[in-house]
Amino acid sequence: MSGMSEAKDREALHPVGEQTREPVDYPAPHRVETVGGPMQVSWEEDPGISPHGMLTYFVEFLHLSGIWAEFVEQCPLRYSSPNAPAKAEILGTILCGVLSGHRRYAHITGMRGDSVLPKLLGIACLRSEDSIRRAFAHQDEEALTLWMDRQTDKTFEALLEQEWVLDVDATVKTLYGRQEEAHVGYNPMKPGRPSHVYQVMVLAAAKLVLNVDVQAGNLTASEYAQPTLWGWLESRQRKDWPTFLRGDIAHGNEQMMQGAEQRGLAYLFKLRQTKGVGQLIARLAARGDKAGWRPAGQGWEGVESQLQLQGWSRQRRVIVLRRKLRQREPVFEDVGGQLRLPGWVLEHKGGDWYEHAVLVTSWEEKELLAVAQAYRDRADTENMFDELKNQWGWTGFSTQDLLRSQLMARMVALIFN
């Protein structure tokens with residue numbers, strides 16, 4: 001019976017008539033320097049050996065560069081109990097949890113039985129979820145902020161001497177408990193649920209998080225992000241400032257534009273669908289091709305104009321973009337009993353329907369095509385936000401106090417960088 005079973009198993013793995021694969025010639029084991037000492041790494045065909053195999057190389061990078069030792073040494077975490085865990089154990093558990101895709105403190109329990117991870121980091125063991133959750137409670141907030149600022153700056157400061165683009169945006173983190181500053185605000189995924197708002201600054205091309213500020217859920221407007229934004233810029237030398245500032249419709253307002261103009265910083269924002277913007281689009285649509293539409297890339301056409309909306313202190317350069325819809329008539333959506341067009345969709349002369357977008361910029365020396373493409377490049381930042389929320393830990397690691405929620409948001413961003 002045993003022989004028949006083994007024969008059937010072999011037949012199932014390699015059916016008759018099918019050519020079996022040649023064995024893969026994996027490289028010989030090689031030496032990797034980790035925090036816990038040198039280790040021999042070898043490739044195995046069985047994918048179930050370890051889910052953390054690639055972590056070995058990342059730990060080698062952290063060790064040889066000195067990043068890990070400095071990260072642990074400068075951490076202001078202080079315990080008074082002689083039985084307290086070591087700083088390296090707390091930070092090592094957080095590192096492994098974030099890299100494993102955990103979004104809750106409770107998920108940490110699932111990796112505590114791993115005997116390899118502590119050896120890689122040179123620590124005695126991985127700590128429990130309660131130890132990690134309580135670790136930074138009642139710690140000095142100013143010291144923690146300074147520590148995270150220094151560590152995060154090291155991931156991007158060498159790049160600031162080149163030309164770069166600063167993206168600003170906000171993302172919502174839905175909450176389900178009684179957390180500090182959990183308020184009902186703009187929440188597209190769970191309307192009516194309390195939330196926190198992550199006001200984020202991003203170095204666009206390198207996809208690095210420069211800073212993240214966790215605020216109350218009803219503070220989604222860009223005015224609440226500006227104190228941190230201007231303070232971050234003014235703390236640096238002018239040579240390290242971005243080429244221009246970029247944001248979506250939430251940032252295309254007088255306060256943000258005036259703040260950038262006062263500091264001599266170029267900007268590129270998208271405008272909301274206000275009455276004045278709609279009137280400009282309607283006038284250009286009525287003129288048809290006489291308006292001077294030019295190719296703006298990826299199926300878009302554009303035309304330059306000047307606009308001063310109510311509440312603006314001055315006229316500003318705007319780029320009106322349009323793209324022909326594939327269908328002859330637009331699809332209407334029913335909103336509160338009223339029919340509304342999805343975006344700026346207008347019928348131009350000739351019976352064609354177009355969708356529109358309007359950009360405002362102080363980037364006077366750039367051609368229309370360059371400005372339009374510069375805003376489209378912002379899609380990479382949106383993809384980065386999706387990755388940080390759905391594959392890393394920005395949707396979780398919530399605590400009742402805002403301090404630890406802020407700290408974990410920044411720590412996830414640091415590990416991501």
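Take region 283-293 and flag every residue that is touching a strand residue (DSSP E or B) at 6+ places or on another chain (Cβ under 7 Å) and either assigned to a helix (DSSP H, G or I) or on the phi < 0 side of the Ramachandran plot (or both). Before the answer, list the steps.
Start the filter on region 283-293 by keeping residues that are touching a strand residue (DSSP E or B) at 6+ places or on another chain (Cβ under 7 Å), which leaves 284-285, 291-293.
Residues satisfying the conditions are Leu284, Ala285, Ala291, Trp293.
Of the residues making up region 178-204, just one is touching a residue at least 60 places away in the same chain (Cβ under 8 Å) and polar (S, T, N, Q), namely Gln179.
Here Leu117 meets the list (1) outside any helix (DSSP H, G or I); (2) in the same structural domain as Val72 (by TED's automatic domain parsing) almost entirely, failing just condition (1). In region 77-118, which residues are over 30 Å from the mean Cα position of the chain (by Cα) and without any contact (Cβ under 8 Å) to a residue 24 or more places away in the chain? Selection gives Tyr79, Ser80, Ser81, Pro82, Asn83, Ala84, Gly113, Ser115.
Please tell me if Arg238 is surrounded by fewer than 18 Cβ atoms within 10 Å (Cβ to Cβ), more than 18 Å from Val320 (Cβ to Cβ), without any contact (Cβ under 8 Å) to a residue 60 or more places away in the chain and not assigned by TED's automatic domain parsing to the domain that holds Val168. The answer is no for Arg238. Of the residues that sit in region 259-282 and are under 26 Å from the mean Cα position of the chain (by Cα) and part of a helix (DSSP H, G or I), which one is surrounded by the fewest Cβ atoms within 10 Å (Cβ to Cβ)? Residue satisfying both the conditions and the ranking: Gly259.
Tallying residues that are part of a strand (DSSP E or B) and either loosely packed, with under 15 Cβ neighbours inside 10 Å or among the aromatic types (Phe, Trp, Tyr) (or both) within region 185-225 yields 1. Residue count for region 158-177 satisfying the condition of being in contact (Cβ under 8 Å) with a residue 24 or more places away in the chain and either small (Gly, Ala, Ser) or assigned to a helix (DSSP H, G or I) (or both): 5. When His138 is tested against the conditions (1) in a loop (DSSP other than H, G, I, E, B); (2) at pLDDT 90 or above; (3) closer than 30 Å to Gly217 by Cβ, the lone failure is (2).
Test Leu346 against the criterion of being in contact with a helix residue (DSSP H, G or I) (Cβ under 9 Å, 6 or more places away or on another chain), surrounded by 17 or more Cβ atoms within 10 Å (Cβ to Cβ) and at pLDDT below 80, and give yes or no. Considered against the rule, which asks whether it is in contact with a helix residue (DSSP H, G or I) (Cβ under 9 Å, 6 or more places away or on another chain), surrounded by 17 or more Cβ atoms within 10 Å (Cβ to Cβ) and at pLDDT below 80, Leu346 comes out as yes.
Which ones in region 191-237 are among the small types (Gly, Ala, Ser) and over 15 Å from the mean Cα position of the chain (by Cα)?
Matches in region 191-237: Gly192, Ser195, Ala216, Gly217, Ala221, Ser222, Ala225, Gly231, Ser235.
Of all the residues that make up region 124-145, how many are free of Cβ contacts under 8 Å to residues at least 60 places away in the same chain and either surrounded by fewer than 17 Cβ atoms within 10 Å (Cβ to Cβ) or not small (Gly, Ala, Ser) (or both)?
Step one: filter region 124-145 for residues free of Cβ contacts under 8 Å to residues at least 60 places away in the same chain, giving 124-132, 134-135, 138, 142, 145.
Now restrict to residues that are either surrounded by fewer than 17 Cβ atoms within 10 Å (Cβ to Cβ) or not small (Gly, Ala, Ser) (or both): 124-132, 134, 138, 142, 145.
Number satisfying all stated conditions: 13.
The values are calculated or read from the model by the stated rules, or taken from the named source; none is laboratory data. Quick caveat, the model's predicted, so the values are computed rather than measured. A quick note on method: Cβ atoms are made from the backbone with ideal geometry, for glycine too, and the neighbour counts reach across all protein chains shown.
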